[in-house]
1. For Arg40, Arg45, give the ranking by accessible area with the largest first, probe 1.4 Å.
2. Rounded to the nearest 10 Å², what accessible area does Thr34 have for a 1.4 Å probe in the complete protein model?
3. Rolling a 1.4 angstrom probe over the protein chains, ignoring ligands and nucleic acids, what is the accessible area of Leu33 in square angstrom, nearest 10?
4. Quick check: with the 1.4 Å probe, what order do Asp38, Asp32, Asp49 take by accessible area, largest first?
5. In the neighborhood of Ala35, defined by Cβ-to-Cβ distances under 15 Å, what is the net charge if each Lys or Arg adds +1 and each Asp or Glu adds -1?
6. Report ³J(HN,Hα) in whole Hz for each residue of the range 4-13, in order, from the Karplus equation J = 6.51 cos²θ - 1.76 cosθ + 1.60 where θ = phi - 60°; Gly and Pro get x.
Amino acid sequence: MTVELAVAMAMFVGLVAYAVFGGADFGSGFYDLTAGGDRRGAELRTEIDHSIGPVGRPTTSG
């Protein structure tokens with residue numbers, strides 16, 4: 001197997017996984033999982049919650 005083929009296969013697998021999971025990003029879930037116990041991971045979990053919070057204000061119709 002050539003390097004080009006291995007890279008192409010890795011890209012294809014990544015694209016298929018992205019499509020299957022609907023473009024979901026599980027990056028912050030990994031950090032939350034590995035943050036540690038309640039006390040040790042509290043600061044990191046607060047940062048994670050802040051970073052994935054809403055980007056803009058919600059719009060209302062009416």
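The values are calculated or read from the model by the stated rules, or taken from the named source; none is laboratory data. Just so it is clear, the structure is predicted and the values come from calculations on it, not from any experiment. Reconstructed Cβ throughout: ideal geometry from the backbone, glycine too, with neighbour counts over all protein chains shown. Side chains are part of the model used for accessible areas, which takes the heavy atoms of the whole protein and leaves out ligands, DNA and RNA. Shrake-Rupley method; radii C 1.70, N 1.55, O 1.52, S 1.80 Å.
1. Working: Arg40 180, Arg45 70 Å².
So the residues, ranked largest to smallest area, are Arg40, Arg45.
2. Here the residue's solvent-accessible area equals roughly 70 Å².
3. For Leu33, solvent-accessible area is about 140 Å².
4. Working: Asp38 140, Asp32 65, Asp49 100 Å².
Result of the area sort, largest leading: Asp38, Asp49, Asp32.
5. Numbers: positive: Arg39, Arg40, Arg45; negative: Asp32, Asp38, Glu43, Glu47, Asp49.
That sum, taken over residues with Cβ under 15 Å, equals -2.
6. With coefficients 6.51, -1.76 and 1.60, one gets 4, 5, 5, 5, 4, 5, 5, 5, 5, 4 Hz.
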